[in-house]
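The values are calculated or read from the model by the stated rules, or taken from the named source; none is laboratory data. None of these values were measured; they are calculated from a predicted model. Here the Cβ positions follow ideal geometry from the backbone for every residue, glycine too, while neighbour counts run over all protein chains shown. For accessibility, only protein heavy atoms count, side chains too; no ligands or nucleic acids. Shrake-Rupley method; radii C 1.70, N 1.55, O 1.52, S 1.80 Å.
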Amino acid sequence: MNHLFFKQYIAQTSDFPIGLEITQAEGVFVYTADQKKYMDFISGIAVSSLGHRHPKVVEALHQQIDKHLHVMVYGEFVQKPQVEFAKLLLENLPVQFEQIYLVNSGTEANEGALKLAKKFTGRTKLIAFKNSYHGDTHGSLSVTGRDIYRDPYLPLLPNVHFAEFNSDEVFDLIDHETAAVIMEPIQGEGGVIPSKKDWLQHVREKCSEMSALLIFDEIQSGFGRTGKLFAFEHYDVIPDVLCTAKAMGGGMPIGGFASSKQIFQTFKYDPPLNHVTTFGGHPVSCAAAHANLKELLRGDYFEKALEIERKAKSKLKGKGIVEMRGMGAMLGLELESKELTEKVVMDCFDKGILLGWTLHSNTLVRLAPPLVISDGDLEWALQTILGSIKKFA
Ligand code: PMP
């Protein structure tokens, strides 16, 4: 019944939704109304890094719900879950990050970061990358590098310039007019493409030279997914603004952008209250985010992400496979064709594994299992995926 009403009442984003009717989700598994069980090998698209309903997150949620829900718009009242979470996160980031502005989602984090960069620098030029994905609100879409998603909504923000990812052409674009370069250090929807270390370091240098801000969108790569708290740590490059969301809330909606006090000052004046949000940093989401982060820092999850990378890269080889890319548990398996990719994803689905492709690539199988996956479950999943590839390649 719910299944029928889903198509009738819930606005659809395509004619081909997966349409699983979920009754429960625990750890690495989701359970459906027709009594099936699926291993979530994409973590709800890089969200449930500690699995679904991690007990520590659920406990923190219960505790907060018994105290208070929403009480006031962002930034006015002292709300303990916000402060505790922000303190712990900032203590675990480089000293440049002194404050965080909390929002509800990834795209809002990017929106805030872009406004911040424009206001702080007094400039409007933005530089972004082809094949990037930064979200679907107008500002984030303006810096998303894929025409088919942009064209229906033109005109978008003016003065946005796109460069090829990992290419030197960006260096000529960064100049004294540039407010910011916004980028994913590892492109996610573009097909799990890590940036080259030297190149990224050079982008950092050029931004500093031109006093342009460097914004890293770590919405997908953040919170342990790549084997570090944030992917930038693999590169010895520190951005001016760090955008995060997805896995941040342990399954609850929250996002944020972190930067220095000096840069954030600009939001307080001309006029005051020029960037506000009603629900941003919701106390219940913050309680979950705090518990999630405490657990992430306590356990051996970063090591687990690296182990997932090692095992997946050594196991998934052979006919039909072009390349395995990515870092930690943010992996992409490039297959020979769109047809093969679809067959493998569907076959694995029939065998009880949720996989998917990325928004800008139809030959890439996204692999992003929760970091709580057991060795046995990981082994079974990789073996099953390999079996499907062998069957159709
Ligand atoms: N940036 C990146 C890199 C993302 O992967 C996503 C979501 N796929 C977003 C931004 C947008 O996040 P949200 O859907 O929470 O708005």
Checklist entry - Can you run phi through the Karplus equation (6.51, -1.76, 1.60; θ = phi - 60°) for the stretch 48-58 and list ³J(HN,Hα) in whole Hz, with x for Gly and Pro? => result 7, 5, 9, x, 7, 6, 4, x, 5, 5, 4
Next on the checklist: Once neighbouring chains are kept in place and the probe is 1.4 Å, which whole percent of the accessible area of the chain is contributed by carbon and sulfur?
Outcome noted: 55
Checklist outcome for this item: Among Gly112, Leu61, Gly255, the residue whose Cα sits farthest towards the positive end of the charge dipole of the stretch 56-298, when +1 is placed on the Cβ of each Lys and Arg and -1 on the Cβ of each Asp and Glu, is Leu61
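What relative contact order, as a whole-number percentage, does the stretch 235-331 give when Cα pairs under 8 Å and 6 or more residues apart are counted? Intermediate values should be presented prior to the final figure.
Working: 72 pairs, mean separation 21.6, N = 97.
22 percent.
Which order do the peptides 346-352, 38-44, 214-220 come out in when sorted by mean C-beta neighbours inside 10 angstrom, highest first? Working shown, then result.
Numbers: 346-352: 15.3, 38-44: 22.4, 214-220: 28.4.
Result, highest mean Cβ count within 10 Å first: 214-220, 38-44, 346-352.
So, R0 is 35 Å and r is the distance between the beta-carbons of Arg53 and Val276; what FRET efficiency does that work out to, to 0.05? Intermediate results must be reported in sequence, preceding the final value.
Values: r = 32 Å, r/R0 = 0.91.
After rounding, the FRET efficiency stands at 0.65.
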Checklist entry - Whose amide H sits under 5 Å from the amide H of Gly255, counting only residues 5 or more places off or on another chain, with H placed in the peptide plane? => result Val103, Asn104, Ser105, Gly281
Checklist outcome for this item: Too long for a 22 Å Cα-Cα cut-off, among Lys246/Lys391; Lys87/Lys119; Lys317/Lys343; Lys304/Lys343, are Lys246/Lys391; Lys87/Lys119; Lys304/Lys343
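Normalised by the residues of the stretch 1-76, what does the relative contact order come to in percent, with Cα pairs under 8 Å and at least six apart?
Values: 49 pairs, mean separation 14.4, N = 76.
About 19 percent, as a whole number.
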Item to check | Cα-based shape type of the stretch 175-322, given that a ≥ b ≥ c are square roots of the gyration tensor eigenvalues and the cut on a/c is 1.5 | outcome: oblate
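Rounded to the nearest 5, what is the percent of antiparallel bridges among the DSSP beta bridges in the chain? Write down the numbers at each step before the final one.
Values: 30 of 46 bridges.
Taking every DSSP beta bridge with both residues in the chain, the antiparallel ones total about 65 percent.
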Next on the checklist: With the crude spin-label approximation of a point 7 Å out along Cα→Cβ, what separation in nm comes out for Ile22 versus Ser167?
Outcome noted: 3.8
Item to check | Most mobile of Asp15, Asp151, Asp66 in a GNM of the chain (Cα contacts under 10 Å) | outcome: Asp15
Item to check | Over the chain, volume per residue of the alpha carbon convex hull, in Å³ | outcome: 149
Checklist entry - Which FRET efficiency value, to the nearest 0.05, is calculated for His202 and Asn92 with the Förster distance at 22 angstrom and r the Cβ-Cβ distance? => result 0.25
Next on the checklist: 5 Å is the cut-off here: which amide hydrogens, built 1.01 Å from N in the peptide plane, fall below it relative to Thr178, excluding neighbours closer than 5 in sequence?
Outcome noted: none
Checklist entry - Which residue, Ser260, Ser140, Ser49, tops the fluctuation ranking in a GNM of the chain built on C-alpha contacts under 10 Å? => result Ser260
Next on the checklist: With the crude spin-label approximation of a point 7 Å out along Cα→Cβ, what separation in nm comes out for Gln63 versus Ser211?
Outcome noted: 4.6
Checklist entry - From the backbone phi of the stretch 146-154, what are the Karplus-calculated ³J(HN,Hα) couplings (6.51 cos²θ - 1.76 cosθ + 1.60, θ = phi - 60°) in whole Hz, Gly and Pro given as x? => result 9, 4, 4, 8, 8, 3, x, 10, 5
Item to check | Computed FRET value (nearest 0.05) for Ser337 with Thr13, which takes r as the C-beta separation and R₀ as 30 Å | outcome: 0.75
Item to check | Ordering of 380-389, 261-270 by burial proxy (mean other Cβ atoms within 10 Å per residue, highest first) | outcome: 380-389, 261-270
Checklist entry - Got the relative contact order for the stretch 56-298 handy, in percent, Cα pairs under 8 Å and 6 or more residues apart? => result 31
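Taking the solvent-accessible surface of protein heavy atoms with a 1.4 Å probe, what is the per residue accessible area of the chain in Å²? Numbers along the way, then the final one.
Working: 17650 Å² over 393 residues.
About 45 Å² of surface per residue is accessible.
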Item to check | Charged-residue dipole, Cβ positions (Lys, Arg, Asp, Glu), the chain about Cα centre, Debye nearest 20 | outcome: 480
Next on the checklist: With the crude spin-label approximation of a point 7 Å out along Cα→Cβ, what separation in nm comes out for Glu76 versus Leu156?
Outcome noted: 3.4
Next on the checklist: If the elastic network links every pair of Cα atoms under 10 Å, which of Arg366, Arg325, Arg225 fluctuates the most in the Gaussian network model of the chain?
Outcome noted: Arg325
